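Working notes for the structure below.
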Amino acid sequence: MIVTLDGPAGSGKSTTARALAKKLGALYLDTGAMYRAVTLKAIQGGVEPTDRERLEKISSEISIDFRETNDDQLVLVDGVDRTLDIRRPEVEKAVSAVSSHAGVRERMVALQRKIASSHPKVVVEGRDTGSVVFPNADYKFYLSASPEVRAARRGRQNEERGTKSGDVIGEINKRDAMDSGRAVSPLVVPPGGVELDNSNLSLDETIQKIIDSLV
Ligand code: DC
């Protein structure tokens, strides 16, 4: 069974997807973390977000693994725990541009399908998981919330992780515009997807709404 959750930054996708996966006994697949991992590796190697060729090379060579802990999921990039590093502001700034390259996306999508194929139940979260990666998913959702609510959530998340916040609302608006306006796999409500505005819903209420619509 595949459940996809798409939506903009701060729409509650990650928290919802993680909790939903736990409830369903499913694998939680965070596709944004994968684009962040490529971006981090590019930054570390001095590769510009416009350098398509070198970014494609990084995407082909990178190894990305997820490891479950009791209350979190670690992201291992080339075998090293980069869970916190991929949330750094410099990654946040460059990730939209990096993820806009078709060649980068092709490689990440292949990796996402491969990871999902070895698990009976998967909750996958991102921007194009219902529209492009798993168009035949059993259930597709599109989470949204007002920009203010999303910025507040992202700020809190950064605080909890001890990462610096910067201009959260400005960054979110910029990233939304890039993610929705790009030529390749833009952020859209997937065909057949259920839209869920959770501005005024708690995490439990959001999860309950999703679970209620799984038959
Ligand atoms: O969900 P997130 O904030 O971790 O995602 C980081 C960036 O990765 C986001 O700005 C766009 C990109 N992304 C994408 O293009 N496609 C996905 N399926 C997931 C994320």
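The values are calculated or read from the model by the stated rules, or taken from the named source; none is laboratory data. Computed from a predicted model, the values in this text were never measured in an experiment. Glycine gets a Cβ as well: all are built from the backbone with ideal geometry, and neighbour counts include every protein chain shown.
Being of a type in the set (Asp, Glu), out of contact with any Ser or Thr (no Cβ under 6 Å at 6 or more places or on another chain) and within 12 Å of the ligand (Cβ to nearest atom), is that true of even one residue in the stretch 189-212?
no
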Among the numbered criteria (1) within 25 Å of Lys22 (Cα to Cα); (2) buried (at least 20 other Cβ atoms within 10 Å of the Cβ), which one does Gly162 miss? (2)
Hey, can you tell me all the residues within the stretch 1-49 that are touching a Phe, Trp or Tyr at 6+ places or on another chain (Cβ under 6 Å) and of a type in the set (Asp, Glu)? Asp6
Among the residues that make up the stretch 186-197, is at least one of them in contact with a Pro (Cβ under 7 Å, 6 or more places away or on another chain), of a type in the set (Gly, Ala, Ser), surrounded by fewer than 16 Cβ atoms within 10 Å (Cβ to Cβ) and modelled with pLDDT under 95? no
Residue ranges of strands (runs of 3 or more DSSP E) in the stretch 108-215 with at least 2 members in contact (Cβ under 8 Å) with a residue 60 or more places away in the chain and within 12 Å of Ala9 (Cα to Cα): 122-126, 139-144
Looking only at strands (runs of 3 or more DSSP E) that lie completely in the stretch 1-91, which have at least 2 residues being of a type outside the set (Lys, Arg), in contact with a helix residue (DSSP H, G or I) (Cβ under 7 Å, 6 or more places away or on another chain) and within 16 Å of the ligand (Cβ to nearest atom)? 2-6, 27-30, 73-77
Matching residues, the stretch 111-132, being of a type in the set (Gly, Ala, Ser) and within 13 Å of the ligand (Cβ to nearest atom): Ala116, Gly126, Gly130, Ser131
